[in-house]
Structure formats: C-alpha cells, structure tokens
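The values are calculated or read from the model by the stated rules, or taken from the named source; none is laboratory data. Note that the structure is a prediction, hence the values are computed from the model and not measured. Cβ placement follows ideal geometry from the backbone for every residue including glycine, while neighbour counts extend to all protein chains displayed.
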Amino acid sequence: MNSPVDFESVLLGGDANAYGMARSFYEEYGVRSHAIGKGAFHICQNSKIVSFEVAEPNIEDDEVFVRTLVNFAKTRPAGKTLVLSPCGDNYTKMLVRNQDALRDYYRFSIMTPDQFDLLSTKDRFYGTCVKYGLEFPKTCEVTKETAEGFEPPFDYPVVAKPANSVAYWNCDYPGKKKVFVVRNSDELARILRGVYSSSYDDAFIVQDFVPGDDTRMRVMNCYSDQAGKVRMMCLGDVVLEEHTPLGIGSYGAIMTGYDEDITHRIKSFLEEIGYIGYSNFDLKYDERNGSYKLFEINPRQGRSSFFTTASGKNLARYLVRDVVLGENEPLDVATLKDEVLWTMIPLSIIRKYTTDPATLARVDRLVRARKVAESYWCGYDRSLARWISYQVNQQNYRRQYAQCFGHRHVDD
C-alpha cells in the first residue's frame, strides 16, 4: 500500500458496494474511507477501514444532498483533496444532477446529464444498443396505459422487469420481485396489475428469456477517464445469483473471465459515446447462437464489483490516477491469468446449488489454489463484532437459498 498524494476517500452509500470500494482504497493506498448516506448496512459497521460519518434520511433531495456534502467537506483539513465515489443508483443520479455545485469541494469522475439520460433507464439503453450494434434480447415495453390485455410480440417464457430501477425500488405491492420469469399471458397480466397498482408509473420491460442458468450470466466492469477513454475492463463469469425476490439479478459468486470479442465491443461502445466514470454491464451468453446479450448498463460500479479488485484491477487505482494524479494509463484488461473466485456466499451454497460441471471444476481448482476473495471478511478488518455479524450474514444466506432458490415466477 502506498499513497502517492495526500487525499481522503468519501463514499456515498453504506452497503456492500461501498464496503468493496473502501477495501479497494485501503488495499491500494492505505486510506480509510468516510461514508455518507441514508444509513450503514451491517457490512459497513464496526469497521477499521470505513467510518459512516453522516446519516441523512433526506439526502435524495437535491438541496439536502449538496448541503450535506459541502458541510462535510468543510470539516476536513484545509487543502485536503477529497475523492468522491457514489456507490448506488440514487447517489449516482444525485451526483450527476449536482456535479457543478460540488466541483470546488471534491474530485470525482461522472458522466454528463445527457449521457445519464441516455443510459439511465432500460428502454433508452436498448435504443442506444441498436445504434451501436450491440446485441440484446428481443424487447418491448408496456406502460400503465397499455398494460390491460398486453401481449408481447414473441413467445413465452419472457422476462419482465422495470425500466426505471430507482423508481421501482421505492414502490411497494404484494408479490414484488426485482425480475420476473413469466410463463404465460395470465402470469404477465397479474404481474402488470400488481405493478401498476403501486406508485410505479414508468414503463416495464418485457423481453425474450435467454435460456440457461446463472452460470451463463456475465458482468463487465469498466472505468473510463475524464477524456472518455476506457482504462480498465474486467469480465466476470457468474457462478450463482441471489434468489430472494428483491435480490434476483444481484450476484453471489463470480469468477474472473475473459472474452476478446465482447471486450472490444463494449470498449468501442463506451468510447464512441464518450462515457466517463465507472460502468457495469449485465450480459448473458445465449447458447442458441453463441452471442452475448446485453441486459443493462449501470452507471456506477456494482455491488459485486469487488471481484474486479480481487482480480488485480483495483477499482480505486484508476479513479485516483485519473482525477487526482492526472495520469493517462494504458488500457488494463483482466484475463484468465488474473482468475479468482469472489464470493459473498458460503462455499457450501456454491457447491449445493451450482449444477454446471465445468463451473464446479473451476471453483474447486481456485479453492485448492487459495484464489478465493470474500467481500465481507478480510484479515485487516477483523474484530469480534464483525466476526459475529459475518457469521449471521452467512447463515442468512443459507436460509435464503433454502427458501428461495429458483423462485422467479409470480406465484413462487
């Protein structure tokens, strides 16, 4: 660990994403992070590497957001460089909107409002994919006005999910799931009735279901500098997703992967639109034609993105070199020589619920080689309180998988 410049890390958020970024800053520079947000999840509590400084329940109000961050900056020593990292959809959206008001206080890398508007919802994202030649599942959208009697123009099964994940997170209705796998028109009708009985008013995306289990999922993390050049790319081969109703689509275990073609396509896409900052792509390998289908781009690092740091491509490194040191590094792409197994869940769950033999063979090989990284538990942030919290967390995962594994339909 070495710090080339005197700076402090400030994180927006208090979840596993924020903790992964805190670990990245600490491992690369020995810097302990400050966190600001609505509140701290258990993973960020009792920590030696991140301290939750400000809990502000109204931080999603623009005026409160700016005031909270400016006031915190004024508490730091004069001349101290503050590096700001949003670690969630809402925090990213707030920083995009209010970036000009904060540039005198923080260093950060963020896209323009126009870029965010283009990519922030799934329907706009798919339109952008068409423009730049990226493949995605057959897709259509349904609105509150067209929901009654809606039928997709392709066969079941289909996937149904919100176009606006931020708005959907804040709504509530019986049977709510992050993503639904829909087997027939009756199920789709019941899902849409539930969705539009809530406060959610945006479009819902309906798309062709790409066959295959969790092991066919892929995730790509990238960092693009302030000139719009991609500086880091790391592909992950998913081992298991989470399976709780609101956790579907979040990853429980990932192994470092590599694919030259999709790496080139995503790099060209990002540089063509002049993207700035972290990006996180969700994809699935389609065995029907050997292609990768893109589902979405998250304009931030993801909850599981610590697998990138564990693969040797430290997430904090590229940000600090860009916004603090002004260094233009060559493209750094993770390959299979950087392979590790990252996990949030117990190894026993991986072995119990993963059925693909090739994936299990890779897992066993990496475990034997001791190339395993866990987000929650690490040698430099241990205490009795964290050990207890970690054990409770792992037991909760065992219970959740036992109760929820494979339950992605409306009646599950």
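Can you spot a residue in segment 349-369 that is of a type in the set (G, A, S) and in contact with a Gly (Cβ under 8 Å, 6 or more places away or on another chain)? No - not one qualifying residue is present in segment 349-369. Contact map, segment 345-372: first residue assigned by TED's automatic domain parsing to the domain that holds Q395 and surrounded by 15 or more Cβ atoms within 10 Å (Cβ to Cβ), second residue in a helix (DSSP H, G or I) and of a type in the set (D, E), Cβ cut-off under 8 Å, separation 6 or more or different chains; pairs are T354/D214.
Given the structure, is E242 closer than 24 Å to L366 by Cα, over 17 Å from the mean Cα position of the chain (by Cα) and charged (D, E, K, R)? So E242 does not fit the description; no.
Candidates T215, T146, T128: the one that is β-branched (V, I, T) and over 21 Å from the mean Cα position of the chain (by Cα) is T146.
Considering segment 55-136, the qualifying helices (runs of 4 or more DSSP H), each wholly inside and each with 3 or more residues that are of a type in the set (V, I, T) and either out of contact with any Gly (no Cβ under 9 Å at 6 or more places or on another chain) or surrounded by fewer than 16 Cβ atoms within 10 Å (Cβ to Cβ) (or both), run over 62-75.
In this structure, D202 does satisfy being in contact (Cβ under 8 Å) with a residue 60 or more places away in the chain, touching a strand residue (DSSP E or B) at 6+ places or on another chain (Cβ under 9 Å) and outside the structural domain of D356 (by TED's automatic domain parsing).
Take I262 and decide whether it is surrounded by 20 or more Cβ atoms within 10 Å (Cβ to Cβ) and over 13 Å from the mean Cα position of the chain (by Cα). Taking the combined requirement at face value, the residue satisfies it. With respect to P153, is the statement that it is surrounded by fewer than 13 Cβ atoms within 10 Å (Cβ to Cβ), at pLDDT 85 or above and assigned to a loop (DSSP other than H, G, I, E, B) true? So P153 passes the test.
A Cβ distance below 8 Å, combined with a sequence gap of six or more or placement on separate chains, defines the contacts here; from segment 146-161, residues that are under 20 Å from K176 (Cα atoms) reach residues that are hydrophobic (A, V, I, L, M, F, W, C) and assigned to a loop (DSSP other than H, G, I, E, B) in the pairs P157/F209; V158/F209; V159/V179; V159/F209; A160/V179; K161/V179. Please verify whether E327 is out of contact with any strand residue (DSSP E or B) (no Cβ under 9 Å at 6 or more places or on another chain) and not hydrophobic (A, V, I, L, M, F, W, C), treating the condition exactly as stated. Criteria met by E327.
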